Amino acid sequence: MAQETTEITKNCPQCGAVLVKSPEDLIITCAYCGETVDVEGKKIPNHQMLPSQEGATIQANIQEFLKKNHVEEGVVIEELKAVYLPYWVVPFNSNTQYYGVLNSAVTRYRTIQSRDAQGRTVTRQVSYTVPVFRDERGSFNRGGRENCIARKHTTFYGFDKFQDSLFLDTIQPFDYQQVKKYGAEFINAEVDANEAQRDAYGRVENANRRLAASKVNKLVRCDSRIQLEYPTYVHAPLWQARFKFQEKIYKVAATGTSGTVLKAEIPLTFGRRMKNLAIGITMLLVCAYAAQWGYGLRTPDGDIETWGWILLIIGFAVMVLSFLFTSTAFRMQLEKSAKIKKQKPQKTAMNLEGA
Ligand SMILES: [Zn+2]
């Protein structure tokens, strides 16, 4: 667990208020005027934020999500709070030159002469394939942005999903009033701009290498020239909720910007588990019947008929499904995540100059 000790550093260069930080914090935002500085008191330029939906909207979305997952009556939301998490958004441009080998095969023919039983010469053609290796050189440009979470030790429920949900469509200058409005917990950064840039550099380089490797059969060389711009410091809202259902507490996470539920623990009621068990057992019976029937369908030669095989395959598929249902019957809760559409593809300029 993180220590609760806070160390008081210095006064805010803007309003003079005392800045309170934990030992790991590298960037601190003043809770009074919203000024953001590093540990030496130097101002962090261009601090931005993503605004949040109202708590009531988040709560309604959570209830809707639970309803869709058959948890409706007797749900009591006991805790609902927003956390503002720090990010570095690093814009980049890159140019990659690569060199590799492409494999292919060509078909050749060989003429074979032989003699038949009558002693005549018979000529026939035999085909064979020869592997061909070809050098491949190319280059491409790729630009966009990398989002780097500015925390090392914090793990919030639903956090993994949260990173994928960060679109910057509604970005605006940072305003501490927005944080206060929701009584949100405010988290300072433990990662500075340089470290975020190093992190982004590595990720851009790896992504370029993967892209180059996908264009050849064997990648021999890959050089990326990467330019990073100074990153933008952004705070984004993640909502955390706890709800009580049949005397147990479950967790939910939602993204503040769109209000979408990211992840939730879904309780399985006794009734629902029994229903799953019944479905599972029924499926198992269906599978046994289909398999037996399929196995019995024989051609006059004693081979299994095409329909017999189809029934055997159906039987097998039903068996796999029945395990899914039966296993759910023995679990007390499920974990559901929202499907988040991936970021719009970033501007990618390709100029392939294949050899
Ligand atoms: Zn201040």
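The values are calculated or read from the model by the stated rules, or taken from the named source; none is laboratory data. The model shown is predicted, which means the values in this text are computed figures rather than measured ones. Cβ atoms come from the backbone with ideal geometry, glycine included; neighbour counts cover every protein chain shown.
Could you give me the residue pairs with C-beta distances under 9 Å whose first residue belongs to region 17-43 and is on the phi > 0 side of the Ramachandran plot, whose second residue is polar (S, T, N, Q) and away from the ligand (no atom under 12 Å from the Cβ) wherever it lies, and which are 6+ apart or on separate chains?
Matching pairs, first to second residue: G34/Q177; G41/T9.
Please pick out the residue among A253, A338 that is under 30 Å from G158 (Cβ atoms) and modelled with pLDDT of 90 or more. Don't jump to the end; show me each part of the working.
Working: A338 fails: modelled with pLDDT of 90 or more.
Only one candidate qualifies: A253.
Looking at the structure I just gave you, is N103 surrounded by 15 or more Cβ atoms within 10 Å (Cβ to Cβ) and of a type in the set (S, T, N, Q)?
no
State yes or no: is K43 among the basic types (K, R), touching a strand residue (DSSP E or B) at 6+ places or on another chain (Cβ under 9 Å) and closer than 23 Å to K10 by Cβ? Walk me through how you get there before you give the answer.
Working: among the basic types (K, R): yes; touching a strand residue (DSSP E or B) at 6+ places or on another chain (Cβ under 9 Å): yes; closer than 23 Å to K10 by Cβ: yes.
Here the answer is yes, as K43 does meet what is asked.
Collect the residues in region 49-92 that are part of a strand (DSSP E or B) and buried (at least 17 other Cβ atoms within 10 Å of the Cβ), keeping them in residue-number order. Walk me through how you get there before you give the answer.
Step one: of region 49-92, the residues part of a strand (DSSP E or B) are 49, 76-92.
Matches in region 49-92: M49, L80, A82, V83, Y84, L85, P86, Y87, W88, V89, V90, F92.
When you scan region 163-179, do you find a residue that is in the same structural domain as T260 (by TED's automatic domain parsing), among the small types (G, A, S) and touching a Pro at 6+ places or on another chain (Cβ under 9 Å), even just one?
no
Scan region 171-185 and give yes if some residue there is in contact with a helix residue (DSSP H, G or I) (Cβ under 9 Å, 6 or more places away or on another chain) and surrounded by 16 or more Cβ atoms within 10 Å (Cβ to Cβ), otherwise no.
Scanning region 171-185, I find at least one residue that is in contact with a helix residue (DSSP H, G or I) (Cβ under 9 Å, 6 or more places away or on another chain) and surrounded by 16 or more Cβ atoms within 10 Å (Cβ to Cβ), so the answer is yes.
Output the residues belonging to region 34-46 that are within 13 Å of the ligand (Cβ to nearest atom), closer than 16 Å to V191 by Cα and of a type in the set (D, E, K, R).
The one that is within 13 Å of the ligand (Cβ to nearest atom), closer than 16 Å to V191 by Cα and of a type in the set (D, E, K, R): K43.
When you scan region 23-33, do you find a residue that is at pLDDT 90 or above, more than 16 Å from the ligand (Cβ to nearest atom) and part of a loop (DSSP other than H, G, I, E, B), even just one?
Yes, region 23-33 contains a residue that is at pLDDT 90 or above, more than 16 Å from the ligand (Cβ to nearest atom) and part of a loop (DSSP other than H, G, I, E, B).
Confirm whether L228 is under 30 Å from K336 (Cβ atoms) and surrounded by 16 or more Cβ atoms within 10 Å (Cβ to Cβ).
Working: under 30 Å from K336 (Cβ atoms): no; surrounded by 16 or more Cβ atoms within 10 Å (Cβ to Cβ): yes.
Judged against the criteria, L228 is not a match.
What strands (runs of 3 or more DSSP E), lying completely within region 231-290, carry at least 2 residues that are in contact with a Pro (Cβ under 6 Å, 6 or more places away or on another chain)?
Numbers: elements: 232-245, 248-255, 261-267.
Here the list reads 232-245.
Among the residues in region 205-219, are any on the phi < 0 side of the Ramachandran plot and touching a Pro at 6+ places or on another chain (Cβ under 8 Å)? So that I can check it myself, show each step before the final result.
Within region 205-219, the first condition is being on the phi < 0 side of the Ramachandran plot, and the residues that meet it are 205-219.
Those left that are additionally touching a Pro at 6+ places or on another chain (Cβ under 8 Å): none.
No: region 205-219 contains no residue that is on the phi < 0 side of the Ramachandran plot and touching a Pro at 6+ places or on another chain (Cβ under 8 Å).
Report yes if H153 is assigned by TED's automatic domain parsing to the domain that holds G259, under 17 Å from P45 (Cα atoms) and in contact (Cβ under 8 Å) with a residue 12 or more places away in the chain, otherwise no.
Numbers: assigned by TED's automatic domain parsing to the domain that holds G259: yes; under 17 Å from P45 (Cα atoms): no; in contact (Cβ under 8 Å) with a residue 12 or more places away in the chain: yes.
The answer is no for H153.
Which of the residues spanning region 56-69 are in contact (Cβ under 8 Å) with a residue 12 or more places away in the chain and touching a Gly at 6+ places or on another chain (Cβ under 9 Å)?
T57, I58, N61
State whether the residues of region 111-118 include one that is in a strand (DSSP E or B), of a type outside the set (D, E, K, R) and at pLDDT 90 or above. If you could, list the steps in order and put the result at the bottom.
Narrowing region 111-118 to residues in a strand (DSSP E or B): 111-115.
From what's left, of a type outside the set (D, E, K, R): 111-114.
With the extra rule that they be at pLDDT 90 or above, the set shrinks to none.
For region 111-118, residues in a strand (DSSP E or B), of a type outside the set (D, E, K, R) and at pLDDT 90 or above: absent.
Go over the candidates V204, V220, V216 one by one and state the one that is within 30 Å of Q97 (Cα to Cα), in a loop (DSSP other than H, G, I, E, B) and in the same structural domain as E40 (by TED's automatic domain parsing). Walk me through how you get there before you give the answer.
Details: V204 fails: in a loop (DSSP other than H, G, I, E, B); V220 fails: in a loop (DSSP other than H, G, I, E, B).
One residue alone meets the criteria, V216.
If the requirement is being in contact with a strand residue (DSSP E or B) (Cβ under 6 Å, 6 or more places away or on another chain) and of a type outside the set (A, V, I, L, M), which of these qualifies: F243, F270? I'd like the intermediate steps shown before the answer.
Numbers: F270 fails: in contact with a strand residue (DSSP E or B) (Cβ under 6 Å, 6 or more places away or on another chain).
Of F243, F270, the one residue that is in contact with a strand residue (DSSP E or B) (Cβ under 6 Å, 6 or more places away or on another chain) and of a type outside the set (A, V, I, L, M) is F243.
As an exercise: evaluate L285 against (1) more than 30 Å from A150 (Cα to Cα); (2) touching a strand residue (DSSP E or B) at 6+ places or on another chain (Cβ under 8 Å) and give the number of the one condition it does not meet.
(2)
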